[in-house]
1. Could you work out how far the C-alpha centroid of segment 73-141 sits from that of segment 1-28, in angstrom?
2. Where both partners of a DSSP beta bridge lie in the chain, what percent of those bridges are antiparallel, to the nearest 5?
3. In degrees, nearest 10, range 0 to 90: what is the angle between the Cα axis of helix 265-276 and the longest Cα principal axis of the chain?
4. Within straight cross-link reach of K94, meaning Cα distance under 17 Å, which aspartates and glutamates are found once same-chain residues fewer than 8 apart are removed?
5. So for each of 207-217, 30-40, 158-168 I average, over its residues, the number of other beta carbons within 10 Å; can you give me the resulting order with the highest mean first?
6. Share of antiparallel DSSP beta bridges in segment 52-155, in percent to the nearest 5?
7. Once both axes come from the Cα atoms, what is the angle between helix 342-354 and the longest principal axis of the chain, in degrees from 0 to 90, rounded to 10?
8. Does anyone have the angle between helix 183-193 and the longest principal axis of the chain? Alpha-carbon axes, 0 to 90°, nearest 10?
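No value in this document is a laboratory result; all are computed from the given coordinates. Here the structure is a predicted model, which is why all the values come from computation and not from measurement. For neighbour counting, all protein chains shown are included, and Cβ atoms are generated from backbone atoms with ideal geometry for every residue, glycine included.
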Amino acid sequence: MIDRAVVVGAGLIGTSIALALREHGVRVGLYDPDARNLRLACDIGAGEAVDPADAGPPADVAVVAAPPAVVPRALLGAQRAGLAHVYTDAASVKAGVVAEAARIGCDMASYVPGHPMGGREKSGPAAARSDLFLGRSWVLCPTAEAGPKAVAAVTELARLCGGEPVAMAPDAHDRAVALVSHAPHVASSAVAARLVEGEAEALRLSGQGVRDVTRIAGGDPGLWTEILGHNPGPVADVLEAMAADLAGAAERLRAEQRGTGGGIRDILERGRAGRDRIPGKHGEPERAASRYTELAVVLPDEPGALGRLFAEVGAAGVNIEDVRMDHSPGQPLGLAQLSVLPEAAGPLAASLKEQGWSVHG
């Protein structure tokens with residue numbers, strides 16, 4: 001269905017979409033007002049530079065991969081230039097973008113709002129990956145005016161990029177991403193902000209826990225300021241509920257400090273229950289991961305070590321269900337936490353030990 005596409009915006013998301021489409025033989029034209037981004041995206045094989053005002057015959061689909069405030073005008077310009085037959089976007093908020101697109105006169109019949117749920121804490125085309133959306137939800141928010149051919153084309157686009165299409169109304173989408181993406185980013189930033197004034201001695205104790213919690217705080221503050229500004233109500237609702245939980249926890253800890261009781265178990269229990277609801281492998285709840293056995297393998301910090309480990313696990317005929325890397329601060333080694341089926345754990349541990357690996361679990 002898609003032979004040729006145009007991607008407007010050669011940042012992380014746009015370039016990743018282009019790279020994924022190229023792997024399926026789709027001809028991709030790229031445009032970005034930032035000449036450096038455009039040149040780099042083309043150099044890494046994401047497509048060929050095009051001028052939207054003179055891009056030739058309409059492409060099958062055009063993707064506007066731009067910040068939310070930019071999308072409506074960029075979409076209108078692309079439609080007026082006849083850039084494609086079908087249009088979508090990749091903005092992380094939808095209700096305001098859709099409303100503004102309709103207000104300024106965009107053709108809503110050929111436009112299917114979208115949001116691929118993939119990203120990184122890094123930005124720009126240098127961080128792009130063709131597998132960025134593999135197995136990730138790709139939200140589609142078609143309006144009542146959207147034509148069936150447009151919806152089919154954008155659905156195909158999502159699948160070509162490895163995404164799993166999910167249809168949602170714009171308002172429902174914005175509430176959902178406030179809960180699972182936008183508010184967590186603010187929470188991560190709040191934790192990381194406490195480290196600014198932390199003593200160097202304390203920071204030297206940083207382990208994987210604080211690294212996991214603060215990873216997304218490394219995102220571009222300018223981009224996230226805009227994202228949050230386009231979804232303020234739903235994000236504020238989540239943050240207010242989160243703040244109430246934290247205030248309650250602080251009160252209980254103060255009571256514990258005074259020796260008047262309290263206890264903080266409630267929020268910890270609810271936290272674990274909430275985490276268990278996050279879909280894991282094959283869409284099953286995270287708690288289903290408890291049926292796996294975890295083996296910790298000591299990994300030297302040297303080229304090819306992880307590749308050798310994976311090769312020897314494969315040679316043992318065992319499938320790795322999940323993997324997590326933990327690093328030892330200041331030490332030239334780490335731990336590869338391998339999740340495998342319980343019946344495979346014993347034989348795999350024995351096989352790896354025979355190959356000289358230090359295995360625990």
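1. When both Cα centres are located, 12 Å separates them.
2. Details: 20 of 42 bridges.
Of all bridge pairs located within the chain, approximately 50 percent are antiparallel.
3. The angle comes out at about 50 degrees.
4. D107, E145, D171, D174, E226
5. My ranking of the peptides, most packed first, is 158-168, 30-40, 207-217.
6. Values: 3 of 10 bridges.
Around 30 percent antiparallel, to the nearest 5.
7. Between the helix axis and the principal axis of the chain, the angle is about 70 degrees.
8. Taking Cα atoms only, the helix is inclined about 60 degrees.
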